[in-house]
Amino acid sequence: MTSVVSSPPRTIRIGSRKSQLALVQTYWVQEQLQKSFPDITFEVHTMSTQGDKILDVALAKIGDKGLFTKELELGMLNQEIDFAVHSLKDLPTHLPEGLTLAAITERENPADALVVHEKHKDKQIDTLPEGAVIGTSSLRRLAQLRHHFPHFTFKDVRGNLITRLAKLDAGEYDALILAAAGLERLGMGDRVHQILPKEISLHAVGQGALGIECRADDSELLSLLKAIEHPQTRDRCLAERSFLRSLEGGCQVPIGVNTEISGDNLTLTGIVASVDGQKLVKDTITGIANNAEGLGIELAELLRQHGAQEILSEIFAVIQRGS
């Protein structure tokens, strides 16, 4: 009689950037999966991405999609890691052949937040003084704020959250615009001075959610990762990503969104703005949530009819000139 030798439980390697926020997010995913699958070992492996290494140049001027994801994706394709945890807003809408977006986790508050220097603690975004120096590395935020507050002075700010906050506290800026979700995840929610209303700043596509990317042919892992997916967040983010993909936008293009789900219906709002804030087109569409990607495509077409394509063409022309 032959004995059956069972295979040892699989060890799954999770890829993460080395930044403090990335690690907090990755360890959270590891913890959730370990709870669901206690017999499987989940190991965290860290990598540095191009976006982590280049900290003295504005993101829009680096000019490469996948700034915070490419090295992790190569790690998956080379079998060095099994899946990667991304801030979904950093994950391009077109993924390399052989990789797939396996799961989207429940979203934190996706809104942008105003963080102020101590001397402005009694102010809101609309009562900051003329000429106030506002720090942001996002063209999306910059365009919308220039549209609403042309009297502010805007200055690029790079580095991790700790570095940015230190620059603010040292007086280099009067205020910063940051993602509320990142501050909350790092236990710095007390630095949120004001959540910017969507009438002022629509958030980035996927902001506040985590995207789990893995090899498309790893059926076992794809099944495991569904344990941490949040269906409503998935529908909202798929609509947003479809909208962005249809407009062929990326981190260099001022495109903002907002999504809400009520019952079976999903409402998607989107904007496309010129970098100087002078031109801005915006519209909203509501439909069935299980047609999320179709809604994104439909909204993109509506904005094109309102003039979005002209704005995008001007921005892409500037990018191609290297300005």
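The values are calculated or read from the model by the stated rules, or taken from the named source; none is laboratory data. Since we're looking at a predicted model, the values are computed, not measured. As a convention, Cβ positions derive from the backbone with ideal geometry for all residues, glycine included, and neighbour counts pool all protein chains shown. For the accessible areas, the whole protein counts, side chains as well, though only heavy atoms, and no ligand, DNA or RNA atoms are used. Shrake-Rupley method; radii C 1.70, N 1.55, O 1.52, S 1.80 Å.
(1) modelled with pLDDT under 95; (2) over 19 Å from Asn258 (Cβ atoms); (3) among the hydroxyl-bearing types (Ser, Thr, Tyr): which one isn't true of Ser138, the others all being true?
It is condition (2) that Ser138 fails.
With Thr26, Thr49 as the choices, which residue is surrounded by 15 or more Cβ atoms within 10 Å (Cβ to Cβ) and either modelled with pLDDT of 95 or more or out of contact with any strand residue (DSSP E or B) (no Cβ under 7 Å at 6 or more places or on another chain) (or both)?
Testing whether each residue is surrounded by 15 or more Cβ atoms within 10 Å (Cβ to Cβ) and either modelled with pLDDT of 95 or more or out of contact with any strand residue (DSSP E or B) (no Cβ under 7 Å at 6 or more places or on another chain) (or both) leaves just Thr26.
Among the residues of region 29-44, which ones are open to solvent by 70 Å² or more (accessible area, probe 1.4 Å) and under 25 Å from the mean Cα position of the chain (by Cα)?
Start the filter on region 29-44 by keeping residues that are open to solvent by 70 Å² or more (accessible area, probe 1.4 Å), which leaves 31, 35, 38-39, 43.
Scanning region 29-44 gives Glu31, Glu43.
Among the numbered criteria (1) farther than 26 Å from Glu293 by Cβ; (2) out of contact with any helix residue (DSSP H, G or I) (no Cβ under 6 Å at 6 or more places or on another chain); (3) modelled with pLDDT of 75 or more, which one does Val57 miss?
Just one mismatch for Val57, condition (3).
Of the residues that sit in region 174-193 and are assigned to a strand (DSSP E or B) and more than 13 Å from Ile162 (Cβ to Cβ), which one is nearest to the chain's Cα centre (by Cα)?
Filtering first and then ranking leaves Ala179.
Kindly check whether there is at least one residue in region 197-220 that is open to solvent by 60 Å² or more (accessible area, probe 1.4 Å) and either among the hydrophobic types (A, V, I, L, M, F, W, C) or over 18 Å from Met76 (Cβ atoms) (or both). Quick ask: steps written out before the conclusion?
As a first pass, look at region 197-220 and keep what is open to solvent by 60 Å² or more (accessible area, probe 1.4 Å): 198-199, 217, 219-220.
Checking which are either among the hydrophobic types (A, V, I, L, M, F, W, C) or over 18 Å from Met76 (Cβ atoms) (or both) leaves us with 198-199.
Yes, that holds for at least one residue.
Please go through region 104-157 and give me each residue that is closer than 16 Å to Ile195 by Cβ, open to solvent by 20 Å² or more (accessible area, probe 1.4 Å) and among the acidic types (Asp, Glu), ordered by number.
Within region 104-157, Glu108, Asp126 meet the criteria.
Pairs only if they're at least six apart or on different chains, beta carbon under 6 angstrom, first in region 89-103 and open to solvent by 30 Å² or more (accessible area, probe 1.4 Å), second part of a loop (DSSP other than H, G, I, E, B) and not hydroxyl-bearing (Ser, Thr, Tyr); list them, first residue then second.
Once the first residue is open to solvent by 30 Å² or more (accessible area, probe 1.4 Å) and sits in region 89-103, its partners that are part of a loop (DSSP other than H, G, I, E, B) and not hydroxyl-bearing (Ser, Thr, Tyr) give Lys89/Ala204; Lys89/Gly206; Lys89/Gln207; Asp90/Phe68; Gly98/Ala216; Thr100/Ala216.
Before we move on, is Gly211 assigned to a loop (DSSP other than H, G, I, E, B) and in contact with a helix residue (DSSP H, G or I) (Cβ under 7 Å, 6 or more places away or on another chain)?
Working: assigned to a loop (DSSP other than H, G, I, E, B): no; in contact with a helix residue (DSSP H, G or I) (Cβ under 7 Å, 6 or more places away or on another chain): yes.
Against the criterion (assigned to a loop (DSSP other than H, G, I, E, B) and in contact with a helix residue (DSSP H, G or I) (Cβ under 7 Å, 6 or more places away or on another chain)), Gly211 does not qualify.
Between residues in region 273-285 that are in contact (Cβ under 8 Å) with a residue 12 or more places away in the chain and on the phi < 0 side of the Ramachandran plot and residues that are part of a strand (DSSP E or B) and open to solvent by 40 Å² or more (accessible area, probe 1.4 Å), which pairs lie under 6 Å by C-beta distance while being six or more apart or on different chains?
Ala273/Leu280
Residues in region 104-134 that are without any contact (Cβ under 8 Å) to a residue 60 or more places away in the chain and either under 18 Å from Gly256 (Cα atoms) or in a loop (DSSP other than H, G, I, E, B) (or both): how many?
So the answer is 8.
For region 71-116, which positions are touching a Ser or Thr at 6+ places or on another chain (Cβ under 8 Å) and of a type in the set (A, V, I, L, M)?
Leu72, Ala84, Val85, Leu91, Ile104, Ala111
Which number in (1) at pLDDT 95 or above; (2) over 21 Å from the mean Cα position of the chain (by Cα); (3) not acidic (Asp, Glu) marks the one condition that Gln309 misses?
Every condition holds for Gln309 apart from (1).
Could you identify the single residue in Glu260, Glu298, Glu248 that is farther than 24 Å from Val85 by Cβ, at pLDDT below 95 and either among the small types (Gly, Ala, Ser) or open to solvent by 60 Å² or more (accessible area, probe 1.4 Å) (or both)?
From the options Glu260, Glu298, Glu248, the qualifying one is Glu248.
Against the condition within 30 Å of Ile297 (Cα to Cα) and free of Cβ contacts under 8 Å to residues at least 40 places away in the same chain, how does Ser137 come out, does it pass?
For Ser137, the condition - within 30 Å of Ile297 (Cα to Cα) and free of Cβ contacts under 8 Å to residues at least 40 places away in the same chain - is not met.
Failed condition for Thr100, given (1) at pLDDT 95 or above; (2) part of a loop (DSSP other than H, G, I, E, B), with all others met?
(2)
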